[in-house]
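The structure under discussion appears below in the form of structure tokens.
What follows draws every value from the coordinates through simple rules; no lab data is involved. Note that this is a predicted model, so its numbers are computed, not measured. A quick note on method: Cβ atoms are made from the backbone with ideal geometry, for glycine too, and the neighbour counts reach across all protein chains shown.
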Amino acid sequence: MNSIKKEEPVSFVGHLSELRRRLIKSFIFLLLAFLLCYYFSSEIYSFLVKPYAEVLLENQLDRRLIFTALHEAFLTYLKVAFFASFFITSPIFLTQLWKFVAPGLYKNEKQALLPYLIATPLLFLLGGMLVYYLIMPLAINFFLSFESVADVGTIAIQLEAKVNEYLSLIMRLIFAFGISFQLPVILSLLARIGFIDSNYLKTRRKYVIVIMFAFAAILTPPDPVTQIGLALPLLILYELSIVIVKIIKKKKNA
């Protein structure tokens, strides 16, 4: 019986102090990770630029990334360092959140929530990998297809991407895909508290399809490659969520 009891109650001020302590600890980790990532910012930059460089090599193109403001490259390295540090320390933030919430939960509640804490960073990583290894190469090839060579009475149209714009694009897509890939976690949590069920999700599938394509159009550049590349995985995850929600309902009924 003792194994399912909650821990002794703590005062409201005690909860605030505990939350502040864990937030401070998380931000200290974030700061240390930022300093470390800034030290290796050139290596992180090379890693993020690799999809662009590989497409250029495959197409045998001689291109470069440019910056047009004196401070642009410096700010870009800062942005890259912050992006990488946030990516690295996000599991630490989730761990600190779990340690703050866990003492107030029963044993069965802890067992129910722990898989979600594990699935959240894994799904985010999966979304980021999809962007890096599939979406960005396809999008770059799509944008390069609009180049044209010089002809009589015309001038060549050639891509000279800016460093800041390219890195902002790939980082924004990684965050957009990573957050969007949390859909199964959100829907299964709503099903666990009884807010939705599999029939609810099935009957609203046609509306969800429209919403997902609109959502993809907002989060991605105005090109069909990245928009479809986000919408289709979301639809697959939605169908997977229906199966997960059905399993959750069966377990609750049992």
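Some notes on this structure:
- Each 10 Å bin from zero up to the one holding the largest Cα-Cα distance in the stretch 78-211 carries the following percent of pairs: 10, 26, 27, 20, 10, 5, 2, 0.
- Between the stretch 192-213 and the stretch 228-244, the alpha-carbon center distance in angstrom: 11 Å
- Prolate/oblate/rounded call for the stretch 1-139, Cα gyration tensor, a/c under 1.5 rounded: oblate
- Helix-only [θ]222 nm of the chain, DSSP H runs n ≥ 4, -39500 (n - 2.57) each, per residue, nearest 500: -25000 deg cm²/dmol
- Karplus-derived 3J(HN,Hα), 6.51/-1.76/1.60, for each residue of the stretch 245-250, Hz, glycine and proline x: 4, 5, 5, 4, 5, 4
- Here, the stretch 91-142 yields an orientationally averaged convex hull projection of 4.2 nm² when only Cα atoms define the hull.
- Ordering of 193-203, 228-238 by packing is 228-238, 193-203, highest average first (other Cβ atoms within 10 Å, averaged per residue).
- Order by protection proxy (mean Cβ within 10 Å, highest first), peptides 86-95, 141-150, 69-78: 86-95, 69-78, 141-150
- Taking a sphere under 12 Å around the Cβ of ALA53 and counting the other residues whose Cβ falls inside, with K and R at +1 and D and E at -1, yields a net charge of 0.
- Shown here: Cα extents along the principal axes in Å, derived from the displayed model; of the candidates (i) 85, 47, 26; (ii) 58, 51, 38; (iii) 52, 36, 36, it corresponds to (i).
- Contact order, relative form, for the chain: 22 percent (alpha carbon pairs under 8 Å, 6 or more residues apart, mean separation divided by residue count).
- The stretch 144-254, relative contact order [Cα under 8 Å, separation at least 6], %: 29 percent
- In terms of its alpha-carbon gyration tensor, the stretch 153-254 comes out prolate; a/c meets the 1.5 threshold, and the first ratio a/b outweighs b/c.
- Between the stretch 132-150 and the stretch 57-115, the C-alpha centres lie 26 angstrom from each other.
- Amide hydrogen proximity for LYS162: with H placed 1.01 Å from N in the peptide plane, the residues at 5 or more positions away or on another chain lying under 5 Å are ILE66.
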